[in-house]
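Read the structure below first, then the notes.
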Amino acid sequence: MARPWIEFIQSQNLPWREVPLAGLRGAVQCRVLSEDDVNGACSLIVRYPAGWLHAALPFACNEELLVIDGELHIGEQQYSPYSYAHFPAGFASGKWRTATGAVAVHFFSARPSIAVVAEPQDIRNLVLHVDGLAAPYTGNFHPEFPPGAGRKILFQDPDTHDTTWLLGTMPLRWAERAEVHPTIEEMFLLAGEVHGNRGVMRPGAYFWRPGDRVHGPYGTKTGNLYLFRTKGGALSTQYVAAPVAFHWDPVYDPIVPRELEPFAKETPAGASPW
C-alpha cells in the first residue's frame, strides 16, 4: 500500500508514542502523521522534553525538520520556531539538546536507523539552517495562482526537484477553481485556518495527498501559514472547475485509512495544535 491518502486529520487528536524513534533519539515522543509500510519513510511530530540531551548518531536516511515550538540546539546551531534543516543520510550533525523543550515536524526518507558509515550520501542536499522568519518571500510562482500569497523555499533536491516550502496567504482570500498536481503533496498547517472541500483545517491539520487528485477550492478568513512538501518533482498545478463551489462552512469529510478513523475528529477553534 505504501502511504495511504490522508486528507485531512488534526494531528492533536493523534496519540503520543515512542516509535518509530524509540532507542534512536532518547526519551522523545512522536505523533505519527503518516508512514510508508514498505520502506518505513515517515512524517512525525516529535516532542523533546526540557533538559533533553542526546548524541544523535547519523541516520541512514535523509531527515528534514521544522521547529514549531521551543528551542532546539543541533551541534552549534540554534533552531527557534520556524527554523528548518535538511540532513542527508550519514550526516554527522553533532549533539542535540534543548533546555526549554521543543516540538518539531520531522520527515524521514526511510525507516529511521543509525548509519553504518557517518558520511553524507549527497552533500548537495545539506541545508544546515534556514530561519523561516528571515527568509524572503518569493513573488508570483504561477501565472494563474490567485493573488494574496507568498512562498518561502526551504529546500529543493537538485536531482528530483522535490521541494519543501512555507506558504503564507492573506486574510479573506478565497478561490473559485480546484487544483490538480502530478506530484505527491504533503501539508502541515502551522497557523490560521483553511476552509476547503473536506472541512475547516485548523493549526495542526495534516494531509498526504497522492498525485492527480482534484482538491479545493480553498479560502481563509484569518490568513494562514502552511508547511508544504512535494515528492516526485517540483510542484506544478493545473486549475480546473471545482466539483463543488467554495463556501465558508464546509462539513468535515476526511479521507483516512481505517486505523486513523478513531482520530478523525473536528477540532474547535483555539485548540492547542501540539
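A few comments on the model shown:
- Qualifying residue in region 94-107 (condition: among the small types (Gly, Ala, Ser), modelled with pLDDT of 95 or more and either surrounded by 21 or more Cβ atoms within 10 Å (Cβ to Cβ) or in a strand (DSSP E or B) (or both)): yes
- Hits in region 199-245 - residues which are of a type in the set (Ser, Thr, Tyr) and modelled with pLDDT under 95: Ser236, Thr237, Tyr239
Yes/no matrix, rows are residues, columns are (1) in a loop (DSSP other than H, G, I, E, B); (2) without any contact (Cβ under 8 Å) to a residue 60 or more places away in the chain; (3) touching a strand residue (DSSP E or B) at 6+ places or on another chain (Cβ under 6 Å):
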| residue | (1), (2), (3) |
| --- | --- |
| Trp165 | no, no, yes |
| Phe188 | no, no, yes |
| Leu227 | no, no, yes |
| Gly233 | yes, no, no |
| Asp249 | yes, yes, no |
| Tyr252 | yes, yes, yes |
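- Residue match in region 3-16 (condition: at pLDDT below 95, more than 21 Å from Ile74 (Cα to Cα) and hydrophobic (A, V, I, L, M, F, W, C)): no
- Filtered residue count, region 40-66, keeping only those that are assigned to a strand (DSSP E or B), crowded, with 16+ Cβ neighbours inside 10 Å and of a type in the set (A, V, I, L, M): 5
- Extreme residue, farthest from Pro4 (Cα to Cα), among residues of region 167-186 that are part of a loop (DSSP other than H, G, I, E, B) and under 21 Å from the mean Cα position of the chain (by Cα): Met170
- Tallying residues that are free of Cβ contacts under 8 Å to residues at least 40 places away in the same chain, touching a Lys or Arg at 6+ places or on another chain (Cβ under 6 Å) and open to solvent by less than 20 Å² (accessible area, probe 1.4 Å) within region 1-34 yields 1.
- Where Gly270 falls short, out of the listed (1) surrounded by 18 or more Cβ atoms within 10 Å (Cβ to Cβ); (2) under 23 Å from Gly168 (Cβ atoms); (3) of a type outside the set (Val, Ile, Thr): (1)
- Residue satisfying condition, being open to solvent by 40 Å² or more (accessible area, probe 1.4 Å), within 29 Å of Met201 (Cβ to Cβ) and not in a loop (DSSP other than H, G, I, E, B), within set Asp37, Asp69: Asp69
The values are calculated or read from the model by the stated rules, or taken from the named source; none is laboratory data. Quantities reported herein were computed from a predicted structural model and do not represent experimental measurements. Neighbour counts run over all protein chains shown; Cβ positions are idealised from the backbone, glycine included. Quick note on the areas: whole protein, heavy atoms, side chains included, nothing else; ligands and nucleic acids left out. Shrake-Rupley method; radii C 1.70, N 1.55, O 1.52, S 1.80 Å.
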